[in-house]
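Below is one structure, written out as structure tokens; the observations come after it.
Quick note: the coordinates plus some simple rules give every number you see, no bench work behind them. These numbers come from a predicted model, not from an experiment. Glycine also receives a Cβ, built like all others from the backbone with ideal geometry; neighbour counts cover every protein chain displayed.
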């Protein structure tokens with residue numbers, strides 16, 4: 001089973017190297033997952049100020065540039081992992097340093113198409 005660990009915090013410290021200690025902890029966590037054969041992919045994200053939201057309503061496209069002030073939390077990055085169950089994915093998420101400054105959302109990936 002594949003799970004997405006979505007890393008969220010209130011200050012964007014996960015995504016940015018502004019906090020070298022946290023950035024180092026996250027790199028160590030990722031290397032550990034890779035060594036366990038659990039890591040399938042992942043990456044930090046640029047700051048939300050550099051992002052855009054796209055909506056299409058009644059055939060009309062609207063684009064909103066960041067930052068997106070509707071939420072207090074910032075999605076800082078993600079890991080795509082293999083786990084035998086949701087419980088194992090939650091156990092892995094509980095080891096993630098991002099959980100110490102925000103939260104890690106655990107979502108199972110729904111397979112679509114030929115896999």
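Some values worked out for this structure:
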read-out: For peptides 97-106, 38-47, sequence by mean Cβ density within 10 Å, most packed first; value: 97-106, 38-47
read-out: Cα gyration tensor shape for the chain, rounded if a/c is under 1.5, else prolate or oblate; value: oblate
read-out: Spin-label pair residue 28/residue 64, simplified geometry with 7 Å Cα→Cβ offset, distance in nm; value: 3.9
read-out: Computed [θ] at 222 nm, deg cm²/dmol, the chain (DSSP H ≥ 4; -39,500 (n - 2.57); rounded to nearest 500); value: -7000 deg cm²/dmol
read-out: Highest average packing first - 21-30, 51-60, Cβ atoms within 10 Å; value: 21-30, 51-60
read-out: Rough spin-label spacing in nm, given labels placed 7 Å along Cα→Cβ, for residue 101 and residue 19; value: 0.3
read-out: Ascending count of other beta-carbon atoms within 10 Å, so fewest first, for 64, 8; value: 64, 8
read-out: Label-to-label distance, nm, for residues given as residue 80 and residue 94 (7 Å Cα→Cβ offset); value: 2.7
